[in-house]
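This report concerns only the one structure given below.
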Amino acid sequence: METENDASAKLSQHEKPSILLATRNRHKTREIQIMLGEGVIVTDATEFDHLPEVEETGVTFEENSKLKAEGISLHVEGIVLADDSGLEVDALGKEPGVYSARYAGPGCTDEANTALVLKKMKGFPDEVRSARFRCVLAVAEKGVTLAVFDGTVEGMLAHEMRGEGGFGYDPIFMPLGYHQTFGELSSELKHTMSHRSRALAQFREWWKSRR
Ligand code: IMP
């Protein structure tokens, strides 16, 4: 069983600076590693045995990202970054919002969540299919939030799932100015405009100014 000291040693043994992401979602880790580049090592909660499961009891992205960053940072050395993100559909009163990962029920698949949004939006014309992805990043150390960053990408919902790329709601989200979904567009293009890359650009500036 790994102890907290083992975990801290694991974080500091890397020659490059490292950041622990408070997530078990490997898609997010991969995206954030690509966006931050080779100069930093991004680890996540899947690499440690002792980290608690933080319950997302907040009703906003900011509350949940702070809960995750603060909760995990009590158990490791250094700074912890947490992302809370999701899809807001205007015609559904900004649902699924903070419930994006569990919209169709606890433990459900991305496909089930996406199918539920499409079902609720069935028959809605293009004029009322506006939506956005939001990503709020919180940085914490020793249980205290140091900064919060908010990124958004506006777009429209497609009428059916399209494309094999990305994850989550990507197959039904068309960013403004495109007729293809994030599932159809290349991941490189997604990373130039996504909610996560916009929040992360702000984090990167903050991080650079600290070092
Ligand atoms: P979280 O882990 O509570 O932040 O849940 C985020 C959920 O929002 C994910 O499970 C996805 O369903 C959705 N989501 C967040 N970012 C993206 C994205 O970039 N593409 C597609 N879906 C996303």
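Bear in mind these aren't lab numbers, they're just calculated from the coordinates by the rules spelled out. Since the structure is predicted, the reported quantities are computational estimates derived from the model, not experimental observations. Ideal geometry is used to build each Cβ from the backbone, glycine not excepted, and the neighbour counts take in all protein chains shown.
Brief remarks follow.
- Ranked 74, 200, criterion: other C-beta atoms within 10 Å, fewest first: 74, 200
- Only lysines eight or more places from residue 119 in sequence, or on another chain, were considered; those with a Cα closer than 20 Å are 94.
- Each of 197, 130 was scored by other Cβ atoms within 10 Å of its Cβ. Arranged with the fewest first, they read 130, 197.
- About its Cα centre, the chain has a charge dipole of approximately 420 debye under the convention of +1 per Lys or Arg Cβ and -1 per Asp or Glu Cβ, with nothing else charged.
- The lysines within cross-link reach of residue 16, meaning a Cα-to-Cα straight distance under 28 Å and a gap of 8 or more places when in the same chain, are 28, 66, 68, 142, 190, 208.
- Once both labels are positioned 7 Å from their Cα atoms along Cα-to-Cβ, the gap between residue 26 and residue 41 label points is 1.8 nm.
- Restriction of the trypsin sites (Lys or Arg not before Pro) in segment 24-90 to DSSP coil positions whose beta-carbon has at most 13 other beta-carbons within 10 angstrom yields 24.
- Sparsely packed loop sites in segment 122-211 (the GluC sites (Glu not before Pro) outside DSSP H, G, I, E and B with at most 13 other Cβ atoms within 10 Å) comprise 160, 164.
- Annotation for segment 35-110: GluC sites (Glu not before Pro) lying in DSSP loop with at most 15 further Cβ atoms inside 10 Å of their Cβ are 38, 53, 55.
- Candidates 168, 123, 151: whichever shows maximal mean-square fluctuation once the chain is modelled as a Gaussian network with Cα springs under 10 Å: 123
- Taken over segment 4-210, the convex hull of the Cα atoms encloses 113 Å³ per residue.
- Cβ-derived FRET efficiency at R0 41 Å, residue 15 paired with residue 99, nearest 0.05: 0.55
- Between helix 195-210 and the chain there is an angle of about 30 degrees, using the helix long axis and the longest principal axis of the Cα atoms.
- Helix 61-73 axis, angle to the chain major axis (alpha carbon atoms, nearest 10°): 20 degrees
- Equivalent ellipsoid semi-axes - Cα gyration tensor, segment 123-193, angstrom: 28, 14, 10
- For the chain, the 222 nm mean residue ellipticity estimated from helices alone, with every DSSP H stretch of n ≥ 4 adding -39500 (n - 2.57) and the total spread over all residues, rounds to -9500 deg cm²/dmol.
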